Amino acid sequence: MRALFLLPLALLLAGCDSLTRPGADGFEVGKGGFEAFQADAQECQIRADTAVSYDNGLADDTRYARNRAFNRVYGHCMAEHGHKPRPYLRNLLPAR
């Protein structure tokens, strides 16, 4: 019975990154340390905000589409800097 409840919940959570902007919380600190991670996160935030702001195709689009575009640019930027995305369950479960 629990499995039937958890499946729709898992599917819902899998699509949530398109509804919100996860930011640096969705990524792990890379080899450069925490200070470099913060600088990279700030740079990627600016880069993604700029890309979404200046994309004329998104000007009249929905918030969902703008968030997807932001998340795509932000994710690629963080990956370029060597920061891996955190798994969804690791973000949801309390730290040990």
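Residue ranges 34-42, 72-80, 60-68 sort as 72-80, 34-42, 60-68 when ordered by packing (mean number of other C-beta atoms within 10 Å per residue, highest first). Between D25 and E43, the simple spin-label model (points 7 angstrom out along Cα→Cβ) gives 2.5 nm. I need the calculated FRET efficiency for the pair D61 and K84, taking r as the beta carbon distance and R₀ as 30 Å, to the nearest 0.05. After rounding to 0.05, the efficiency reads 0.55. Close amide-amide hydrogen proximity is noted between F27 and R86, each under 5 Å apart and 5 or more residues distant or on a separate chain (H modeled in the peptide plane; Pro and chain starts excluded).
Every number in this text was worked out from the coordinates using simple rules, so none of it is lab data. From a predicted model like this one, the values you see are computed outputs, not experimental measurements. Cβ atoms come from the backbone with ideal geometry, glycine included; neighbour counts cover every protein chain shown.
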